[in-house]
Amino acid sequence: MSEVVTYNREGSIGVITVNYPPVNALSHGVRSGLVAALEQGQKDADAKVLLLVCEGRTFIAGADIREFGKPMQEPGLAAVIDQYENSDKPIVAAIHGTALGGGLETALGCHYRVALSSAKVGLPEVKLGLLPGAGGTQRLPRLTGAQKALEMITTGDFVSAKDALGLGIVDAVEDGSDIKAVGLAYAQKVADDNKPVRRVRDLTDKIDADKGSDVFDQFRAGLQKKARGLFSPFKCVDAVEAAFNLPFDDGMKRERELFMECMESPQRGGLIHSFFAEREVSKVKGLAKDTPVREINKVGVIGAGTMGGGIAMNFANAGIPVTIAEVKQEALDKGLAVIRRNYENTAKKGRITQAQVEERMSLISGTLTYDDFSDVDLVIEAVFESMDLKKTIFGQLDKACKPGAILASNTSTLSIDDIAAATSRPQDVIGLHFFSPANVMKLLEIVRGEKTSDEVKATAMALAKKIRKVGVMVGNCYGFVGNRMLHKRGAEAMALVNEGASPQQVDKVLTDLGFPMGQFAMSDLAGIDIGYSIRKERRKAGEDVPASWMDKLAEQGRLGQKTQAGVYKYEEGNRKPIPDPQVDQIIAEFRAEQGITSREITDQEILERCMYVMINEGAKILEEGIADRALDIDITWIYGYGFPAYRGGPMFWADQVGLDTILASVKNFQDTVGGEQWKPAGLLEKLVAEGRQFGDL
Ligand code: T1G
């Protein structure tokens, strides 16, 4: 008898119970256990109806993703589900938590489905670069019709139990939390009413209704934009369409073929790496799981600008009262008005209700004095990048805030240790680096200072989860992980334009790689003045920062999208970057001033210089322990800088390209381009010498 799947009978109901923590994934053990338990139920003459139910926090949450890429062990899931569907005794699936992927497919192989009202169902395989490979693309549309099946399968979004009932995916929804009791009651009713076996595969009305529909081509057209660069969403449409053009068994064969194409796509590896990496980053090296965490029930934010406002919204969204401090009433009123406008825009899109707008606004207040921070548990400073100003503010917070309050900075480049040194409690100082727009971007770069206590680190990691961010713990250095690598890429992009490339050529190489926008379009979004003031700050600090044609843009008031002209020009109300011959002229004049003769530059050189300089810097960041693991860098770039998740992040991508190839190119640029950025990282040389990868670290 399998350890993870058991069979017993309660009255006339044969109960098949899966118990394989944490999420009852369909490992080989669970699949073979399901078959053995079914056979027991079939043989049990006193069992009139069978019930499939799971222990723990959820119904089956899918195939065991850890088994992907390994040799497939029989029985395969499709075969298991076939046996359930062909049972001559009705089988009821009782769903709690999340019935996902192969889990929902298994439930669709059963004859009746009952769910708790708190449950969710979904086919999220597309998020792993796959498609439902055990009948989901053939059985789901037989219940929901083409449109909804395509929506669920191409987005992978979960559906609530209530909506699943409306769509015919489940037959009943019950309140409460005791799924076994709900399942037994429903199965008893099936037995008492002598309800027949009802196989989803036999349902045809929804298929007939949508046969020949152009909904499939509409979806393909829509995916051109929404799923740019992705492989599996298009295969999902092909598979669902097969359900409308082929008999069930042929549709299943077609689904299998398409599933295998997705399995062989490199995107599957990238997306599955991203899935597990996102979960691994929450386990910080050297931070014990049971490190005490402080309560964060009241928060202060300094600065009601774009970042401060967005940061405050995260806490209000999580139900935590937040007070924003500003120096002038006018700036405070403006900041609060922007927040209300953002919420009302979200309500207009139907994503929240007006009542929720009011509820969240009621959690946000303003002040002109730090005295109002005397009882907050956390303060986040979000003022512009000036070390002097930040030191002044932290000195004042040190006096105003209660003992045990966490003092955090949203700085994106400056030293957390220097800021902490302006207080008497450096152990309570940490960097909480949000990304713009702060209420949207999922990444929270959590910067530990030399003296930051474990309790404060653990509190910051827990807080990230509470405000629905992906928290990545990194060490303190200029630009931390994300911006430090971005600055290297930015400098190479600038150098490539100085030498002869055009901004749009560089940006196209990056968007073709899968970034949502290129280096220069990003500068226009962030504001040319941001980089300009940082360069000025660094020159003032005596650093040798090279001349830049971007400074000329700033000095001519071309600050980017906000002035409808930066590196690109923009039409009123449109964010589409349009190349501007005036900028080509400015760049040509700059080259002449610098005595540069421009040359033809290939896309491949642009790709290598923009990406390999980042990889080399990433290796230095790992060497220095600023990032503990390559996956910390991957998640930072996926959730903070739009690196395509289907490539797994920069370090995972580097392993796919081949570290020997990258090292050879780095060494070539060390000779031809020069500069510290092209000095090969010791770690990169070591890994190549040992034939290892970043993923092995
Ligand atoms: N396989 C293996 N491990 C899994 C897993 C899975 N399917 N799902 C979760 N885990 C692990 C996860 O790594 C973590 O481990 C722990 O469980 C808790 O997860 C044939 C091809 C279910 C909504 O895509 O979306 O079926 O870090 O931290 O926030 O068609 O996990 O503790 O060691 O995420 O409460 C389709 C993926 C598979 C669902 C729970 N299924 N999972 O979220 O906890 S493909 C999915 C989730 C498939 C068939 C195909 C979420 C969750 P650790 P967690 P959570």
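The values are calculated or read from the model by the stated rules, or taken from the named source; none is laboratory data. From a predicted model like this one, the values you see are computed outputs, not experimental measurements. In this analysis, Cβ positions are derived from the backbone assuming ideal geometry, glycine residues included, and neighbour counts consider all displayed protein chains.
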| task | Could you check, for region 655-677, whether at least one of its residues is within 21 Å of Gly518 (Cα to Cα) and not aliphatic (A, V, I, L, M)? | result | yes
| request: Might you let me know whether region 120-136 holds any residue that is under 16 Å from Val92 (Cα atoms), away from the ligand (no atom under 16 Å from the Cβ) and at pLDDT 95 or above? | output: no
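Scanning region 380-410 for residues that are among the β-branched types (Val, Ile, Thr) and buried (at least 24 other Cβ atoms within 10 Å of the Cβ), which turns out farthest from Pro437 (Cα to Cα)?
Here the residue is Ile406.
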| said: Just checking: which of the helices (runs of 4 or more DSSP H) contained wholly in region 175-272 hold 2 or more residues that are touching a helix residue (DSSP H, G or I) at 6+ places or on another chain (Cβ under 7 Å) and at negative phi? | reply: 205-210, 215-226, 232-245, 248-264
| Are there any pairs with C-beta distances below 7 angstrom linking a residue in region 552-581 that is under 9 Å from Asp524 (Cβ atoms) to a residue that is basic (Lys, Arg) and crowded, with 18+ Cβ neighbours inside 10 Å, with the two at least 6 apart or on different chains, and if so which? | Ala565/Arg558; Gly566/Arg558
| field | Selected residue (criterion: surrounded by the most Cβ atoms within 10 Å (Cβ to Cβ)) from residues of region 411-428 that are within 29 Å of the chain's Cα centre (by Cα) and not β-branched (Val, Ile, Thr) | value | Asp428
| task | Looking only at region 119-143, count how many residues are among the aliphatic types (A, V, I, L, M), assigned to a helix (DSSP H, G or I) and more than 13 Å from Thr154 (Cβ to Cβ). | result | 2
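Yes or no, residue by residue, for (1) surrounded by fewer than 13 Cβ atoms within 10 Å (Cβ to Cβ); (2) among the basic types (Lys, Arg):
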position: Lys562; (1), (2): no, yes
position: Ile578; (1), (2): yes, no
position: Phe590; (1), (2): no, no
position: Arg599; (1), (2): yes, yes
position: Glu605; (1), (2): no, no
position: Cys610; (1), (2): no, no
| query | Counting only residues that are within 10 Å of the ligand (Cβ to nearest atom) and closer than 10 Å to Leu128 by Cα, which one in region 258-267 is surrounded by the most Cβ atoms within 10 Å (Cβ to Cβ)? | reply | Cys262
| task | Take Gly270 and decide whether it is under 30 Å from Lys211 (Cα atoms), within 16 Å of the ligand (Cβ to nearest atom) and surrounded by 23 or more Cβ atoms within 10 Å (Cβ to Cβ). | result | no
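Inside region 348-373, can you point out the residues that are surrounded by 12 or more Cβ atoms within 10 Å (Cβ to Cβ), in contact (Cβ under 8 Å) with a residue 24 or more places away in the chain and outside any helix (DSSP H, G or I)?
Selection gives Leu363, Ile364, Ser365, Gly366, Thr367, Leu368.
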| What are the pairs, 6+ residues apart or on separate chains, where a residue within region 196-210 that is in contact (Cβ under 8 Å) with a residue 24 or more places away in the chain has its Cβ under 8 Å from a residue that is assigned to a loop (DSSP other than H, G, I, E, B) and surrounded by fewer than 16 Cβ atoms within 10 Å (Cβ to Cβ)? | Val197/Asp88; Arg199/Asn86
| said: Regarding region 661-674, can at least one residue be identified that is under 22 Å from Phe520 (Cα atoms), crowded, with 22+ Cβ neighbours inside 10 Å and more than 11 Å from the chain's Cα centre (by Cα)? | reply: no
| field | Positions within region 540-574 being closer than 28 Å to Met387 by Cβ and among the aromatic types (Phe, Trp, Tyr), in sequence order | value | Trp549
| task | Go through (1) away from the ligand (no atom under 14 Å from the Cβ); (2) more than 23 Å from Asn245 (Cβ to Cβ) one by one and return the number of the condition Ile169 breaks. | result | (2)
| note | Subset of region 142-152, residues surrounded by 18 or more Cβ atoms within 10 Å (Cβ to Cβ) and in contact with an Asp or Glu (Cβ under 8 Å, 6 or more places away or on another chain), comes to Gly145, Ala146
| request: Taking Asn668 as the residue in question, decide whether it is in a helix (DSSP H, G or I), modelled with pLDDT of 95 or more, farther than 23 Å from Val470 by Cα and touching a Lys or Arg at 6+ places or on another chain (Cβ under 9 Å). | output: no
| request: Would you point out the residue of region 244-279, among those that are more than 27 Å from Gln147 (Cβ to Cβ) and free of Cβ contacts under 8 Å to residues at least 24 places away in the same chain, that is nearest to the chain's Cα centre (by Cα)? | output: Arg279
| Single condition Met313 does not satisfy, out of (1) in contact (Cβ under 8 Å) with a residue 60 or more places away in the chain; (2) surrounded by fewer than 17 Cβ atoms within 10 Å (Cβ to Cβ); (3) within 17 Å of Arg468 (Cα to Cα) | (2)
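For region 593-630, name all the residues that are in contact with a strand residue (DSSP E or B) (Cβ under 9 Å, 6 or more places away or on another chain) and in a helix (DSSP H, G or I).
Ile621
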| Condition broken by Ser502, with the remaining ones in (1) surrounded by fewer than 20 Cβ atoms within 10 Å (Cβ to Cβ); (2) closer than 22 Å to Phe435 by Cα satisfied | (2)
